[in-house]
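Working notes for the structure below.
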Amino acid sequence: MKQYLHIEGMTCNGCKHQVESLLTTIPAVTHVTVDLESKVAAIEASATIAASEVAAVLPAKYTVTPTATPRIETDPPADRHSLFPLALVFVYITIAAIGLNYRDWKIASLMLDFMGIFYAVFSFFKLLDLKGFVQTFRMYDPIAKRIPIYGWIYPFIEVSLAVLFLLRSYQTIALISTIVVLGMTTLGVVRVLVAKKEIQCACLGTALRLPMTQATFIENAIMLIMAISMLWQQYEI
């Protein structure tokens, strides 16, 4: 079932992403697309969603009214093409890590460089629109949901971890931090995937609009596996 609502109060892409993410928290809602220019939200749900129900999950600055005339075209379902930017970023990170280690090939060094470059690149995209990232990130990350300030400092945590991995400083702290930080985020991703909610992934911020899919889980899993294996090697007897 699809319906359309007019939402006043949106002024930027950060507002758009916030509204899309908040509306997906309504149990019956399966997908939301917001057109910023016309200020219309296209909502796909298993039951009719009242304007008052939508208003209840949005900040007070938004005004919600029903609209009978569709004014926007909804985005097509997520497919492999929508994940191309994420795949391309991973290819570049892998090439860069290999390039730094091909003369003195060591798997441990390769993984440390991969994790460092990963954090540097991903934090860069998040910082392009920090406000938009925070609004999207708190929709699924367990810590950001409970501690709002965490979303604001998260990209800077990634920058710090990038420096530690690339400079080979405080590796144990960096590895444990990776397991904790990405472990919690992965838990949130799994919950979204199990609930079959269609929300935006904040891994590359809002500059690149990526759907939350199994690829997001795989991306985090790769980093977690590397961190756990490196930590295991450090303390292996």
Overall dimensions of the chain as given by Cα atoms, namely Rg and Dmax in Å: 19.7, 68
Check: the chain dipole with +1 on Lys, Arg Cβ and -1 on Asp, Glu Cβ, in debye: 280 debye
Estimated 222 nm signal from helices in the chain, with DSSP H stretches of n ≥ 4 weighted -39500 (n - 2.57), rounded to 500: -19000 deg cm²/dmol
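Pick out, in residue order, every one of the trypsin sites (Lys or Arg not before Pro) in region 101-204 that is DSSP loop and has at most 14 other C-beta atoms within 10 Å; say none if there are none. Write out the running numbers ahead of the final one.
On the way: sites: R103, K106, K126, K131, R138, K145, R146, R168, R191, K196, K197; in loops: R103, K106, R138, R168, K196, K197.
Hits after loop and neighbour filter: R103, K106, R168, K196.
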Under 23 Å from the Cα of K16 - lysines, other chains or at least 8 residues apart: K2, K39, K61, K126, K131, K145, K196, K197
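Every read-out reported here was derived from the displayed coordinates using simple, explicitly stated rules and does not represent laboratory data. These numbers come from a predicted model, not from an experiment. Methodologically, a virtual Cβ is constructed for each residue, glycine included, from the backbone with ideal geometry; neighbour enumeration extends over all protein chains shown.
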